[in-house]
Amino acid sequence: VKKHYIFFSLLGLAVIPILLFKSTSEEEKVTHSKWQRPPLDRQNILLDYSPNKSNKKRMSEKKTRKPAALAPQKSFASKFEPHPDFKLKGYTIAKDLGVMPKKRYNSGLGELIFDDGKNIFYRRREKDPSTLVAFSAGRNKFFPLSTILNLKGIDQEERQQLKNQGFEEYHYIPALKIMFIKTAQGELEKTYHELGSKGLQVQLEVLDERPRPH
Amino acid sequence: VKTKFLAFFLIIPLLSQSCVKDEGKIPVSANTAGGATFDDNDVATGTIYTGSDPLTAQAWHIKNTGQKAYSQTAGLSGQDSKINDAHELGYTGKNIRIAVSDSGVDLAHPDLSGNQLVGEHRNYFSDNPFDWIDAFPVHQGDAHGTAVTGIVSARGWNGIGTRGVAPDSKFAAFSFLLEDFQDSNDAFFATSYKARNLDQTQGDFDIFNYSYGRRQYKFWEIDGDEMDALESGVTLGRSGKGSLYVQSSGNSYIDFISSYFFFGNSNMDSSLSSPHKIVVGALNANGVVASYSTPGSNIWVSAAGGEDGIIEPAIITTDITGCDAGYSFTEILNLLFDFGSHHDNGGCNYTNRMNGTSSAAPVVSGVIAMILEAKPTLTWRDIKHILAVTADQVDTTAPNNLPHPGLFLGQDLLDDLLISDIATMPIGYVYDVKWMTNSAGFKFSNWYGFGRVNALQAVLMATTYNSNLSPQLSFEDVEYGPVNIIDFSTDFAEIPITVSDQNMIIETVEVQVAVNHTSPQDLALHLVSPSGRVSRVILGNNNAYFDSSDNHFSALTNAFYGESSDGVWRIRVYDLRQNGEEGTLERFVLKIRGRAP
């Protein structure tokens, strides 16, 4: 009984702020390393389980493609113009949005579109050199693009040639022949096209969610 | 619901009080380790040991004598990986080189500093991320890496603290993970996760320990470059014998992010579906699956991970030194042990609350270090083989059929979470099974892999292991649909692939399955081998995101290890949710890796 009491208490802690405040922020507020779940007893429930057991209560409404969530989300897909020059599997690159660390953003920079808790994604003005932005339609979230470009299939000779041409190396992994090229905010598109025009396999990198401690 | 919210705060003082009351009630039980006899009761009353490791008396993952490990309840005596037995035979992972890629390590920790590989640490968050000097944690709360490293490589028999599973192994700390303590800044945009991720697979190390992973609320795409990097490691590492990559399966059995619940599967993190990794699930001190441990057919073995350390035992290990850093820094309950109020941990240099599959992975890394010490000529595949053959089957009590984890939440909560029907299966459908036996005689489980790693049997087998496995072969084929997937039914959509004249003994099987379906999170995927055995490679009704452009699943299963490759393979897709959503099975790619008989 005590275990269940604690478990539901923790669930309450997690669920209530969402229900009460209806936060629109997409920031994940809970991590495993800080929130440790009291033990579930997987074994006990098995004693009462049979595979044919059915619940009488069922939802009448149809599910959508997305998982069932507590807070309905407005789609951000209509909030930006797709960039015609960039194709990236799983993402759409926004032509008219930029991103800025939250503490440096002010409304004068442009309309706030999305706040991930750490960064502000906003409608950037022409010649604003801020970092490009990728959109994940499935998750309805924006992510910054790295200013580092990935180049595949670069041997040592090509690597040296690129360095001689003034490209700044961020890192090189010889076993994989992958070279990482440093650019700056506002120069990413130019450098991407410059390397692409040389026939090199150049790739953008989305700064998506990082792995977390298990 | 408000009552539940308030109840959480009301229970905090109760928990603290119970811990206070618990002191001095630790049962008396003998724990023989390293030639010295310890007594839990003596530890609790502060007896100082010389020439040994006092906290090892509470380290049930080394030897389970039914210790409480400073929690409220005792584990089950004997439920361990026989690590102490291997130590007593003299195996300690001597000089085996382990890269712990994590959140950095307190390199000055007195129980760790003597085992570090000076000059080989990497700090990917320094100003020049590939100019490595040290790997101290970036933030005083980044304690995870110090705890993981202590589990595998804390010094043994030095008169302080605890003991690693491989106490004479040597570690290099990679500061690779970064907890989200600090604000974003412009420098963040000038980083490359991919560069760090690929780099941390490379180097002259015997074992790479990865106690981390992506949140399993969605199906993450495979990074082909990462797969190439791992292949390079098992091909070139250890002078061609192959480095070992050990990774935790995840803590998402039941999990949630900000707005919804999901039910994780280690195949959702495609990085774990590499045949070159050893994926590890977690057990608690009673020797059964830990409450959080993510299941998946890509799990190889399981090991101690523990529970919360408050009610049930977690793992005792090293913490960032001092009472203003590490677990004591992140402390929310000010528990006696972590916070330095317990005489066994006055300096706050240890924690009793490390848990998760993060803890299970370094246990296995430590066992592998001992195997390598016993027989350095073993290849990475020989070691996987030894782990599988010697693992102990655990949790064999009936029933064998497993329910959807949503049943643990209860119907009222499922209703509140808008997933009322998620745990309801079509009549006659079995969500998962605890154990299956394949035609080669291996017992396999999505919860446990081949079972709990057994250090004693593994080192013994290694010492008498005379011939390496023959070179690895592979076979790949694809077949196409479409085949209709029926909503909420035990009728399945199936595509077969016939394998002939390959004559391989199977090591791993990978599948890629493309569907055209409006609700792919409803789908379960079963792979049926020519022997008729079934591996549930994706468990259905997981409530996961699915933003792949062509709705394809990637998964790996170890369930058919040792079976024959030839015959008809079938992928079967079931729709487990009654919501009118239907679709088609479009493509089935099968890749088998194995060896000649």
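So what is the diffusion coefficient of segment B:527-587 in µm² per second by Stokes-Einstein at 20 °C and 1.002 mPa s, using a Kirkwood Rh over Cα pairs?
Values: Rh = 13.7 Å.
In µm²/s, the coefficient rounds to 156.
Once the Cα atoms are used to define both axes, helix B:224-236 deviates from the longest principal axis of chain B by about 60 degrees.
Segment B:499-526 and segment B:450-472 have Cα centres separated by 29 Å.
Given a cut-off of 20 Å, what percent of all Cα-Cα pairs of segment B:477-597 lie beyond it?
Taking all Cα-Cα pairs of segment B:477-597, the fraction more than 20 Å apart is 38 percent.
Treating each Cα of segment B:146-185 as an identical point scatterer and summing with the Debye formula, the log10 of I(q)/I(0) at q = 0.13 Å⁻¹ comes to -0.38.
Which percent of the Cα-Cα distances in segment B:159-282 go past 18 Å? So the portion of pairs separated by more than 18 Å is 63 percent. Return the aspartates and glutamates within reach of A:LYS66: Cα separation strictly under 13 angstrom, same-chain partners fewer than 8 residues apart disregarded; answer none if there are no such residues. Partners found: B:ASP522, B:ASP547, B:GLU581.
Debye-formula intensities of segment B:237-277, expressed as log10 I(q)/I(0) at q = 0.29 Å⁻¹, are -1.00 (one equal scatterer per alpha-carbon, no solvent).
Taken along its principal axes, the alpha carbon cloud of segment B:209-331 reaches lengths of 44, 36, 30 Å, longest axis first.
Among the trypsin sites (Lys or Arg not before Pro) in segment A:108-214, those located in a DSSP loop and surrounded by at most 11 other Cβ atoms within 10 Å of their own Cβ are A:LYS127.
Helix B:380-390 and the long axis of chain B differ in direction by around 80°, with both axes built from C-alpha atoms.
Take every residue in peptide B:245-258, count the Cβ atoms of other chains within 10 Å of its Cβ, and give the average of those counts.
Partner Cβ neighbours, averaged per residue: 4.
Taking θ as phi - 60° and the Karplus parameters 6.51, -1.76 and 1.60, the scalar couplings of segment A:183-194 work out to 10, 10, 4, x, 10, 4, 5, 4, 5, 4, 5, 4 Hz in sequence order, x denoting glycine and proline.
Can you list, largest first and rounded to whole Å, the semi-axes you get for chain B by taking the square root of 5 times each eigenvalue of its Cα gyration tensor? Could the numbers behind the result be given before it?
Numbers: eigenvalues 283, 159, 111 Å².
Rounded to whole Å, the semi-axes are 38, 28, 24.
Percent antiparallel among DSSP beta bridges with both residues in chain B, to the nearest 5? Given both bridge residues lie in chain B, the antiparallel proportion sits at roughly 70 percent. Here, segment A:71-120 is characterised by an Rg to Rh ratio of 0.99, where Rg is the alpha-carbon radius of gyration and Rh the Kirkwood radius.
Provide the net charge surrounding B:ILE383, with neighbours chosen by a C-beta distance below 14 Å and charges set as Lys +1, Arg +1, Asp -1, Glu -1.
Around B:ILE383, the charge tally is +2.
With N the number of residues in segment A:159-205, Rg(Cα) / (2.2 N^0.38 Å) evaluates to 1.10.
Using only the Cα atoms, work out Rg/Rh for segment B:361-505, with Rh taken as the Kirkwood radius, to two decimals. Don't jump to the answer; show the numbers that get you there.
On the way: Rg = 20.9 Å, Rh = 19.4 Å.
For segment B:361-505, the value is 1.08.
Run through segment B:111-201 and list the chymotrypsin sites (Phe, Trp or Tyr not before Pro) located in a DSSP loop whose Cβ has at most 14 other Cβ atoms within 10 Å.
Values: sites: B:TYR124, B:PHE125, B:PHE130, B:TRP132, B:TRP157, B:PHE171, B:PHE174, B:PHE176, B:PHE181, B:PHE188, B:PHE189, B:TYR193; in loops: B:TYR124, B:PHE125, B:PHE130, B:TRP132, B:TRP157, B:PHE176, B:PHE181.
Here the sparse-neighbourhood loop sites are B:PHE181.
Taking 22 Å as the cut-off for C-alpha to C-alpha distance, list the pairs among A:LYS87/A:LYS118; A:LYS87/A:LYS152; A:LYS95/A:LYS141 that go past it. Mind showing how you got there, number by number?
On the way: A:LYS87/A:LYS118 26 Å; A:LYS87/A:LYS152 17 Å; A:LYS95/A:LYS141 16 Å.
Violating the 22 Å Cα-Cα cut-off are A:LYS87/A:LYS118.
Taking amide H positions as modeled 1.01 Å from N, with prolines and chain starts lacking one, the residues under 5 Å from A:PHE114 and 5 or more places away or on another chain are A:PHE121.
Taking the inverse of the mean reciprocal distance over all distinct Cα pairs, the Kirkwood hydrodynamic radius of segment B:203-275 comes to 13.5 Å. Counting, for every residue in B:232-240, the Cβ atoms of other protein chains within 10 Å of its Cβ and taking the mean gives 1. Between the Cα long axis of helix B:357-374 and the first principal axis of chain B there is an angle of about 80°, rounded to the nearest 10. Relative protection proxy for B:71-77, B:534-540, from highest mean packing down: B:534-540, B:71-77 (other beta-carbon atoms within 10 angstrom).
Enter the mean number of other protein chain beta carbons within 10 Å of the beta carbon of each residue in B:420-427, as an integer.
Numbers: counts 6, 8, 5, 4, 6, 5, 3, 4.
Whole-number average of other-chain Cβ neighbours for B:420-427 is 5.
Take the alpha carbon gyration tensor of segment B:350-412, find the square roots of its eigenvalues, order them as a ≥ b ≥ c, and report rounded if a/c is under 1.5; if not, report prolate when a/b exceeds b/c, else oblate. In terms of gyration-tensor shape, oblate.
Bear in mind that the values in this text are calculations on the coordinates, not laboratory data. All values reported here derive from a predicted model rather than from experimental measurement. FYI the Cβ positions are ideal-geometry reconstructions off the backbone, even for glycines, and counts take in every protein chain you see.
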